[in-house]
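I have placed the structure first, in the form of structure tokens, so that the comments after it can refer back to it.
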Amino acid sequence: MIHLPIYATKENYTVNPTKIIALGLNYKAHIEESQSVKVKGFTNEIPHEPILFAKTPNVLIGPEQPIVIPQFLKKYPFRTPRIDYEAELALIIKDKCKAVPENEALDHILGFTCMNDVSQRNLQNSERAGWFRGKSFDTFGPIGPQIVRPQDIGNPQNLSIRCRLNGKTVQDSDTRHMIFSITEIITFVSLNFTLMPGDIITTGTPSGVGPIQDGDTVEVEIEKIGVLRNPVVEERVSE
């Protein structure tokens, strides 16, 4: 379990979702670049409704904890192995809800935080079962550094979002560039699935995604939330 402070309170929150629902293709510029990384199922078309996929709760790690590249991946004959960072704004659901009207969506948010939707591209693109494994390895979902409540964050559709790799800015955008707004996302997701307290919805990544490797440090920074920093290490397996 991950424990994150809640901004402007003395409380800590235990992050323990029943599910993590993620969005693909929610920034136009990322749709365009997705052709270059050859992500299966990505086209240049603007989706007519949110594209959803799941990450499993075992992905979750907190600030400063390492993103671990699984050792067993080396047995695959990938010509160019690739694991990518993806900076995203995430929200945590406050209460059980279903089929939420858009004008009530913000009432069901406990708070906002940063998330890194780490993705193993080779498996994501090659597996007939889809994105499941490539998105859900242990440690592939860093979250933090704190939770900011809706009343403290202001307009969540006007937040700068950046990612730095080893100190160099590699993603630089704003949540106003989302194709589907946060309220539209909650409405759509809750129409499909009953949301439970603590569930996480992560809202897609802007352009600039790229590979990480052993020894890297990734920082996701979102305005009014802070910096989520994680080192990258290869799994060490004892003989």
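The values are calculated or read from the model by the stated rules, or taken from the named source; none is laboratory data. Remember, it's a predicted structure, so these values are computed and weren't measured experimentally. Here the Cβ is made from the backbone with ideal geometry for all residues, glycine too, and neighbour counts use every protein chain on show.
Residue check: is T187 out of contact with any strand residue (DSSP E or B) (no Cβ under 6 Å at 6 or more places or on another chain) and polar (S, T, N, Q)?
yes
Among (1) in a strand (DSSP E or B); (2) closer than 20 Å to I200 by Cβ, which single condition is V170 missing?
V170 satisfies every listed condition except (2).
Just checking, how many residues over segment 210-239 are on the phi < 0 side of the Ramachandran plot, modelled with pLDDT of 95 or more and in a loop (DSSP other than H, G, I, E, B)?
Residues that pass the stated criteria total 7.
List the residue pairs whose Cβ atoms are under 6 Å apart, where the first residue sits in segment 183-194 and is closer than 10 Å to P50 by Cα, the second is β-branched (V, I, T) and in a helix (DSSP H, G or I), and the two are 6 or more positions apart or on different chains.
Hits for this filter: zero, empty list.
Anything in segment 150-179 that is touching a Leu at 6+ places or on another chain (Cβ under 7 Å) and either at pLDDT below 95 or of a type in the set (A, V, I, L, M, F, W, C) (or both)? List them, or say none.
Residues satisfying the conditions are L159, I161.
Here is a yes/no grid of residues against (1) under 22 Å from T14 (Cβ atoms); (2) touching a residue at least 12 places away in the same chain (Cβ under 8 Å); (3) in a helix (DSSP H, G or I); (4) not charged (D, E, K, R):
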position: N58; (1), (2), (3), (4): yes, yes, yes, yes
position: Q65; (1), (2), (3), (4): yes, yes, no, yes
position: K74; (1), (2), (3), (4): no, no, yes, no
position: D84; (1), (2), (3), (4): no, yes, no, no
position: L110; (1), (2), (3), (4): yes, yes, no, yes
position: T113; (1), (2), (3), (4): yes, yes, no, yes
position: N125; (1), (2), (3), (4): no, yes, yes, yes
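Quickly run through segment 180-198 and pick out the residues that are closer than 27 Å to V218 by Cα and either outside any helix (DSSP H, G or I) or at pLDDT below 95 (or both).
Once the filter is applied, which keeps residues that are closer than 27 Å to V218 by Cα and either outside any helix (DSSP H, G or I) or at pLDDT below 95 (or both), segment 180-198 yields F180, S181, G198.
Taking segment 189-212 only, how many residues are in contact with an Asp or Glu (Cβ under 8 Å, 6 or more places away or on another chain) and either surrounded by fewer than 21 Cβ atoms within 10 Å (Cβ to Cβ) or β-branched (V, I, T) (or both)?
Summing the residues that are in contact with an Asp or Glu (Cβ under 8 Å, 6 or more places away or on another chain) and either surrounded by fewer than 21 Cβ atoms within 10 Å (Cβ to Cβ) or β-branched (V, I, T) (or both) in segment 189-212 gives 10.
Could you please find all residues in segment 1-47 being hydroxyl-bearing (S, T, Y), modelled with pLDDT of 95 or more and outside any loop (DSSP other than H, G, I, E, B)?
Y13, T14
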